[in-house]
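All remarks here apply to the structure that follows.
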Amino acid sequence: MLFFKHFLFLCKKISLSLQNMKHLFTVTLIFFGLNLQAQDPANYYLAAEGKTDAALKTQLYSIISSGYVTKTYDYLYTIYDTSDKTPSGKVWDMYSTCDWTFGYKECGNYSLVCDCYNREHSIPQSWFSSKSPMVSDAFHVYPTDGKVNGQRSNYPYGESTNGNTLSAKALGKLGSSTFPGYSGTVFEPVDEYKGDFARTYFYFATRYENIMTTIGGDSFSRNKYPALTDWSVNLFLKWHRQDPVSQKEIDRNNAVYNHQENRNPFIDHPELAEYIWGNKKGIAWSQNIPSGPQLLIPANNSIVEFGNIPYQQNYSILLDIKAANLTGNLSLNVTGTDQSYFSLSTSTITKAEAEAGYKLVVTCNPQSLGVVSADLNISGGGITASAVHLKATSSDTFMALLPSGITQSGFTANWTASANATGYLLNVYSYKVTGTQSRTILEEHFDNGLPGSWSATGYYETQTSSNVRMASGSSNCILTTPAIDLSANTVLTVRARRYNNDTDATIRVDVNNDSLTTFTTKIDYIDFTAPIPETGTGSTLKFTVLKGKRVYLDYVKVATEGSVETPISVTGYPKQVGNVLNYQVTGLYNDSTYYYTVTPQGNGALISSEIQAVTTSSTGTNSISDLSELVVYFADNTLYISNLKNESQIVVYSVLGNKILDYEAHSDQVSLPFEYKGIYILQVVNNNKVTGSRKMILH
């Protein structure tokens, strides 16, 4: 196996598969005469050109997170059909030499190596609380032998000279670490796959950079950069160098991309690990670029779709401009039918800016309803002149904007213009709890036996009315639900009783193979309940009963629980406020949450979406629009914020009220990837209350 793997590595492709590569633009592009599926994979990483260290890692995070398609946990087996197939058509297992056939022997129970295979989270689920999308990200979840998977448990990867291997068919060993810097228990993979797992950890630390402060485990440092502990950096760089990228990894990278629409950059460009963590830190990374002056992005004759935008309102997008080997600066201008509706943040991009990658702000302010269009022309610097077609649809999609001038007793409500409106109706209100509500996700009475969507292992029977008898005197029983949405906190209800004299008969409940709780039954039916933490979509519940401890399962329900809130209008509202675009609201309670909507009058337009406003505290010393104690600055596509209170929530809105970023800070300073430029509203929330907001102008 080892010889075969490295033979494949020596024969690996000269260039990566050209299938299904994504473009880099921050807006939707439609190409004429250009097949995106045949695009050079190198373009996938163009935005990372010229970056170093932490900034390089952050740019890669943006690239591989943009457009990521989350799959369900069960869908992993579908991905494995192409991503983890040996040359002989079997399941490629990095934990054993067992002979697995796709679709057969999926765990299930196991007691020995080669009993069955399941889905191994190389970054254990307990390290990230089984949350989505990590729980079903195929780049770190592999098909492996169930018994070896169980041996590995949630121990970190490492090296253990005297570790224990389960059997002759098992791969890897468990024991005390003998690698410098760590002394705990570790699982050591076999040599031929150590590089695979190293690049998996590089990927995870990059793909989930935005939440690395919350990731547990002894391999991670709970920060954005370097994200990995010193000893694990040294370990994984060693493995990365000693076990280079193989054809297996290349094929898997391409296969997973076809499903998730993102890639592992450390397989495409193994040298990136050295630029971020290794011996090339401080050196700007660059991939091979063409010789001669070229405009790399955007493509000639591509279309920039603004989509539906508000009538007579400024709407801006960022367009990536990148060139190579220029002889001078680039010149930009707008021509065409509606050229006066479009404007650019600059008409000249210097040679250095263009070659490093420049984000051009293109703004549209339509003065007529319907489709408006123009051409962005790019020339100079020795390139062949290119035209990008700009297109927007101006509609009377009316919207309310964020409030301004917030005080202890009021705020100013703002909204956009609505074509042909004769005035506006403003409603200001708060919510009052008037009851509770529950949304049922799964409910089963077993009136017709075990549903076809459930799966069963071991002995069960449904001859007794409206229940399922689980297990026998000699056989266990496992019942598994279909995939359900557990992306919110839910409550499990189970009604069950024991079989005759099987005292202390229990039902163990697992969520995605992680233990949730165990219910001990009695001779009479009991309704058991247990809270289920957020685990993500595509989750399953597994009910296990042991032989000789038989149980009648009568009822299962999973439901959310929450309060019913009714809007109560402030006295005097709704009110006609005239043909204006803002209105000062007064007479409110301090330190309270209010909401408002606006409805255009006289033109049939629909009511706006709801906007929140929180009045300031009577004891506050700063206006809610101040946040003067914060240090906020923007550099290298990163937003830096310091002097935060502990456990602050950071929310950034566009001036149109669209939420751009939502992040929970667990320290007094954060650095967040932020590629946008223009005017934005930074809002800080503590203890579910908005404690301040600030306008940011980012250049």
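Only the coordinates and a few stated rules stand behind these numbers; no lab work does. Treat the numbers as computed from the prediction; the structure is a model and nothing was measured. Note that we place each Cβ from the backbone using ideal geometry, even for glycine, and neighbour counts take in every protein chain shown.
Neighbouring Cβ atoms within 10 Å as the yardstick, rank 275, 201 fewest first. Could the numbers behind the result be given before it?
Details: 275 22, 201 26.
In order of increasing Cβ crowding within 10 Å: 275, 201.
Between residue 348 and residue 74, what is 0.36 nm times their sequence separation minus the Cα-Cα distance? Round to one decimal in nm.
My answer for the length gained is 93.5 nm.
Classify the range 306-438 as rounded, prolate or oblate from the Cα gyration tensor: take a ≥ b ≥ c as the square roots of its eigenvalues, call it rounded if a/c is under 1.5, otherwise prolate when a/b beats b/c and oblate if not.
prolate
Using the beta-carbon distance between residue 284 and residue 489 and R0 = 56 Å, what value does 1/(1 + (r/R0)^6) give for FRET efficiency, to the nearest 0.05?
That pair, residue 284 with residue 489, gives E of 0.80.
Assign unit charges at the C-beta atoms only (+1 for Lys and Arg, -1 for Asp and Glu), then state the dipole size of the range 51-189 relative to its Cα centre in Debye, rounded to the nearest 20.
Around 160 debye, computed over the range 51-189.
Which shape class, rounded, prolate or oblate, goes with the range 40-276 when its Cα gyration tensor gives a ≥ b ≥ c as root eigenvalues, a/c under 1.5 marks rounded, and past that a/b bigger than b/c marks prolate?
Oblate is the answer for the range 40-276, as a/c is 1.5 or above yet b/c matches or exceeds a/b.
Nearest 20 debye, what's the magnitude of the dipole of the chain about its Cα centre given +1 on Lys and Arg Cβ and -1 on Asp and Glu Cβ?
Details: 52 positive and 60 negative charges, 72 e Å.
For the chain, the charge dipole is close to 340 debye.
I want to check the label-to-label distance for residue 522 and residue 590. Put each point 7 Å from Cα in the C-beta direction and report it in nm to one decimal.
Calculated label separation equals 5.4 nm.
Say R0 is 30 Å: what FRET efficiency, to the nearest 0.05, do residue 573 and residue 666 get from their beta-carbon distance?
Here the calculated transfer efficiency is 0.15.
Rounded, prolate or oblate: pick one for the chain, where a ≥ b ≥ c are the square roots of the eigenvalues of its C-alpha gyration tensor, a/c under 1.5 means rounded, and failing that, prolate if a/b is larger than b/c, else oblate. Walk me through the intermediate numbers first.
Numbers: a/c = 2.02, a/b = 1.23, b/c = 1.64.
The shape class here is oblate.
Quick one: which residues, 5 or more positions from residue 90 or on another chain, have an amide H under 5 Å from its amide H? H modelled 1.01 Å from N in the peptide plane, none for Pro or chain starts.
Counting only residues 5 or more places away or on other chains, the set is empty.
Too long at a 19 Å Cα-Cα cut-off: which of 238/280; 85/248; 194/238; 147/238; 51/359; 105/147?
Correct reply: 147/238.
Picking from 67, 107, 256, whose Cα lies most toward the positive end of the charge dipole for the range 40-276 (charges on Cβ: Lys, Arg +1; Asp, Glu -1)?
107
Within the set of other residues whose C-beta is less than 14 Å from the C-beta of residue 475, count the net charge using Lys and Arg as +1 and Asp and Glu as -1.
Here the count lands on +2.
Going by how many other Cβ atoms sit within 10 Å of their own, how do 447, 99, 268 line up, fewest first? Numbers along the way, then the final one.
Numbers: 447 10, 99 13, 268 20.
Fewest to most other Cβ atoms nearby, the residues stand as 447, 99, 268.
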